[in-house]
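Visitor: My questions all concern the structure below.
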Amino acid sequence: MSKTATLEINGQKHEFPLITGTENEVAIDIKTLRGATGGVTTIDPGYKNTGSCESGITFLNGEEGILRYRGYAIEDLADKADFLEVAYLLIFGELPTKVELEKFHADIKEESVVDDDIKKILDAFPKAAHPMGVLSSLTSALTAFNPSSVNVDSEEDMYKTVVKIMGKFPVLVAWAMRKKSGLPLNYGDDSLGYVENILKMMFGKPNGEYTQNKILVNALDKLLILHADHEQNCSTSTVRIVGSSHAGLFASLSAGISALWGPLHGGANQAVLEMLEAIKEDGGDTKKFMAKAKDKADPFRLMGFGHRVYKNFDPRAKIIKVAADEVLSDLGIEDPVLDIAKGLASEALSDEYFVKRKLYPNVDFYSGIIYRAMGIPVEMFTVMFALGRLPGWIAQWKEMRARKEPIGRPRQIYIGENHREFKTIDNR
Ligand code: CMC
């Protein structure tokens with residue numbers, strides 16, 4: 001294969017190097033484009049054809065439905081590792097030894113207390129506030145309580161900042177939920193595993209012992225692993241671009257949480273459950289909703305279907321579908337919404353509209369069903385996604401810093417008015 005790409009503009013030829021990744025993906029390196037061409041730029045709304053960085057964290061092949069973290073298949077990680085091991089792998093690049101994992105966990109526990117004054121901020125939110133807004137605000141507020149977290153050039157402060165957020169984020173998640181359900185705010189239990197502790201913080205009642213349910217611990221562990229990273233998606237790109245201005249980690253993560261909130265991204269898991277409930281309320285006619293999804297005059301979309309990168313089955317959806325069946329049968333739950341989901345999926349997978357556009361169920365299609373079975377309120381679903389995505393965001397932010405990436409600042413093509421004479425207010 002040629003090592004350069006040639007671009008001809010107004011009869012002048014310009015050569016640009018081709019970059020090949022370790023999985024043989026090829027990119028045209030246009031870093032010198034504007035200089036070489038006298039200011040010609042590229043335009044690519046939604047960055048559908050634009051690589052924003054070189055990254056060694058996550059590989060995904062949307063055509064073949066492959067997802068790997070640091071070279072390890074998602075299927076192996078979901079089956080054989082736990083969430084904290086995967087977090088370590090993403091953030092530090094290698095699977096931890098027992099000693100490394102124990103130290104990482106001990107450092108996290110050491111930092112897992114949130115300043116009690118944060119409760120006052122939480123207190124000021126109305127009970128009806130969406131927990132994603134609450135989480136984004138509290139994550140940003142952590143900077144004020146941990147000023148050294150903005151010392152982005154200090155490796156030591158940054159390690160501390162990483163273990164701080166790994167420790168404090170689950171507390172904020174639990175508090176966002178407890179505020180809504182009217183439960184008193186609590187702290188974790190250092191004697192528990194990372195995921196067990198999350199469950200206890202979320203569900204523990206003030207008037208009794210919390211009993212761990214192995215099925216729920218395993219299901220949550222798996223869900224968090226499946227959500228842990230997904231290369232340059234909307235929220236991750238947000239975290240990297242905010243961090244590229246040398247803003248601190250907590251501020252960058254807070255922006256990422258806001259990006260994740262939207263229904264086209266992480267908010268889809270809440271939207272899926274609401275859609276399935278609406279179909280059930282409407283009498284369960286999946287064909288009617290399939291027709292709405294295909295009608296271009298109707299804004300309705302089949303939530304949980306389609307993906308910017310996967311043009312095949314989302315490998316995470318395959319694993320989650322099996323987990324959803326297991327959790328529901330282990331817990332003895334019969335959920336009519338799961339039957340509607342299965343009906344929709346099988347209709348869509350054989351429908352010409354969906355087949356032609358390569359629209360398959362994505363990770364969010366089944367995750368809400370498990371969260372619901374676990375007793376997690378619908379508005380918390382996207383928060384659970386954020387909890388899983390945390391190590392991915394940290395790893396991507398850390399990589400962006402280590403590679404000394406320049407500040408993110410895209411160009412535009414201006415299509416507004418040309419120069420106009422200013423008229424004073426009396427003359428308009
Ligand atoms: N239902 C009906 N039609 C759809 C859907 C859908 N869910 N998704 C895409 N299409 C159609 C779309 O109308 C377009 O049709 P046409 O070519 O006739 O104009 C075609 O498929 C391509 O869609 P697109 O919007 O150009 O594709 P995109 O890559 O910009 O969008 C997406 C990807 C995920 C935003 C979109 O598929 C969608 O809105 N899905 C529903 C929301 C959802 O489930 N989001 C979760 C994504 S996975 C979790 C995550 O990583 O955040």
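The numbers here are math on the coordinates, done by the rules we state, and not lab data. Every value quoted in this text rests on a predicted model; they were computed, and no experiment measured them. A quick note on method: Cβ atoms are made from the backbone with ideal geometry, for glycine too, and the neighbour counts reach across all protein chains shown.
Visitor: Going by what's in this entry, would Arg301 be described as surrounded by fewer than 23 Cβ atoms within 10 Å (Cβ to Cβ), under 24 Å from Arg403 (Cβ atoms) and near the ligand (Cβ under 9 Å from one of its atoms)?
Guide: No: the conditions fail for Arg301.
Visitor: Can you tell me which residue within segment 356-412, out of those that are assigned to a loop (DSSP other than H, G, I, E, B) and within 16 Å of the ligand (Cβ to nearest atom), is surrounded by the most Cβ atoms within 10 Å (Cβ to Cβ)?
Guide: Once the filter is applied, the top-ranked residue is Val363.
Visitor: Turning to a different aspect of this structure: Out of (1) in contact with a Gly (Cβ under 8 Å, 6 or more places away or on another chain); (2) crowded, with 19+ Cβ neighbours inside 10 Å, the odd one out for Glu110 is which?
Guide: (2)
Visitor: List the helices (runs of 4 or more DSSP H) that sit entirely inside segment 284-353 and contain at least 2 residues that are touching a Ser or Thr at 6+ places or on another chain (Cβ under 8 Å) and without any contact (Cβ under 8 Å) to a residue 60 or more places away in the chain.
Guide: Result: empty, no element qualifies.
Visitor: Based on this model, can you work out whether Arg357 counts as without any contact (Cβ under 8 Å) to a residue 60 or more places away in the chain, more than 20 Å from the chain's Cα centre (by Cα) and under 22 Å from Thr50 (Cβ atoms)?
Guide: yes
Visitor: Related question: Can you tell me which residue in segment 22-42 is nearest to Ile66 (Cα to Cα), limited to those that are touching a His at 6+ places or on another chain (Cβ under 8 Å) and hydrophobic (A, V, I, L, M, F, W, C)?
Guide: Applying the filter and picking the extreme gives Leu33.
Visitor: Within the set of pairs 6+ apart or on separate chains, which have a first residue in segment 14-29 that is touching a residue at least 12 places away in the same chain (Cβ under 8 Å), a second that is surrounded by 12 or more Cβ atoms within 10 Å (Cβ to Cβ) and among the charged types (D, E, K, R), and C-beta atoms under 6 Å apart?
Guide: Phe16/Asp29; Pro17/Asp29; Ile19/Asp29
Visitor: Oh, and also: Taking into account only those residues within segment 183-196 that are in contact (Cβ under 8 Å) with a residue 40 or more places away in the chain and either in a helix (DSSP H, G or I) or not charged (D, E, K, R) (or both), which is farthest from Lys120 (Cα to Cα)?
Guide: Gly193
Visitor: Still on this model: Return yes when Ala219 is among the aliphatic types (A, V, I, L, M), in contact with a helix residue (DSSP H, G or I) (Cβ under 7 Å, 6 or more places away or on another chain) and assigned to a helix (DSSP H, G or I) and no when it is not. Break it down into steps so the answer makes sense when it comes.
Guide: Values: among the aliphatic types (A, V, I, L, M): yes; in contact with a helix residue (DSSP H, G or I) (Cβ under 7 Å, 6 or more places away or on another chain): yes; assigned to a helix (DSSP H, G or I): yes.
Spelling it out, Ala219 is indeed among the aliphatic types (A, V, I, L, M), in contact with a helix residue (DSSP H, G or I) (Cβ under 7 Å, 6 or more places away or on another chain) and assigned to a helix (DSSP H, G or I).
Visitor: Moving to a separate point now. Can you report the number of residues in segment 47-76 which are in a helix (DSSP H, G or I) and free of Cβ contacts under 8 Å to residues at least 24 places away in the same chain?
Guide: The total comes to 1.
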